[in-house]
Amino acid sequence: MSEAVSEGATLHYIFDPLCGWCYAAAPLVDAARSVPGLKVEFHGGGMMTGANRRSITPQWREYVMPHDRRIAELTGQPFGEGYFEGLLRDTGATMDSEPPTTAILAAESLRAGGGLDMIHRLQRAHYVEGQRIADEQVLKAIAAELGFNAEAFASAFERLSGESTARHFAESRQFLQRAGGQGFPTFVLTQPDGRASRIDIGPWLGRAEDWKARLAELV
């Protein structure tokens, strides 16, 4: 991040709604959204789709909890009892990135910035409240909470389900590959002339105000 950033720069956020380290970076995304002259775009990578969908099991709970506690320690991001003692013990729940990503795309199609609003709310629903964010009814309830018209959201969700979401995943993965990213989250800063640089957010986790100030200097 040593180069000056021209006005009109875009911060690309390659993420997954079920990615714990994306939740760790959520305060950085929120901070970036408030930097004048900087646009934030999201790209959902579909981490848990198809054969990678996963049912909640005791083994899964044991695997993710140390990572989640590390994220909380490093960033201050909250994890609720509804998640640790609710969702992570709910063996009837399925971890599937596709429905929440479709909801994110639907929200963006209805309101500029709505997709990022939906990402943030879904992360809280998952990691704090322990809601099943792969459940269409949960997604519709969250959309209503965010102020989306129920019929408009349901229509957009249906229209963007399936092929459109799959195409978004494919494009996001291609973008990740071109950027040289290794996983989620990956942040890429592009300038109007097309130059792009991948940003290591590791030093900035838990330091949202410092991150915002740094971005403001560069825009």
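Each reported figure results from applying straightforward, stated rules to the coordinates on display, with no laboratory input. Computed from a predicted model, the values in this text were never measured in an experiment. A quick note on method: Cβ atoms are made from the backbone with ideal geometry, for glycine too, and the neighbour counts reach across all protein chains shown.
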Dipole moment magnitude, nearest 20 debye, the chain about Cα centre, only Lys, Arg, Asp, Glu C-beta charged
300 debye
Peptide ranges 196-205, 18-27 listed from the most packed, as the mean C-beta count within 10 angstrom indicates
18-27, 196-205
What does the extension gain come out to for residue 65 and residue 51, with contour length at 0.36 nm per residue minus their alpha carbon separation?
2.8 nm
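Given contacts defined as C-alpha pairs under 8 Å and at least six residues apart, what's the relative contact order of the chain, whole-number percent? Before the final figure, lay out the partial values.
Values: 356 pairs, mean separation 72.8, N = 219.
Across the chain, relative contact order equals 33 percent.
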Cβ-based charge dipole, the chain, positive-most Cα from 8, 36, 149
8
Over all directions, the average projected area of the alpha-carbon convex hull for segment 50-140 comes to how many nm²?
6.2 nm²
Hey, what do the phi angles of segment 96-113 turn into as Karplus ³J(HN,Hα) couplings, whole Hz, using 6.51/-1.76/1.60 and θ = phi - 60°, x for Gly and Pro?
9, 6, 5, x, x, 5, 4, 5, 5, 5, 4, 4, 5, 5, 9, 7, 4, x
Provide the packing ranking of 167-173, 57-63, i.e. peptides ordered by the mean count of other C-beta atoms within 10 Å per residue, highest first.
167-173, 57-63
Give the Rg (one decimal place) followed by the Dmax (whole number) of segment 76-219, computed from C-alpha coordinates and expressed in Å.
17.0, 49
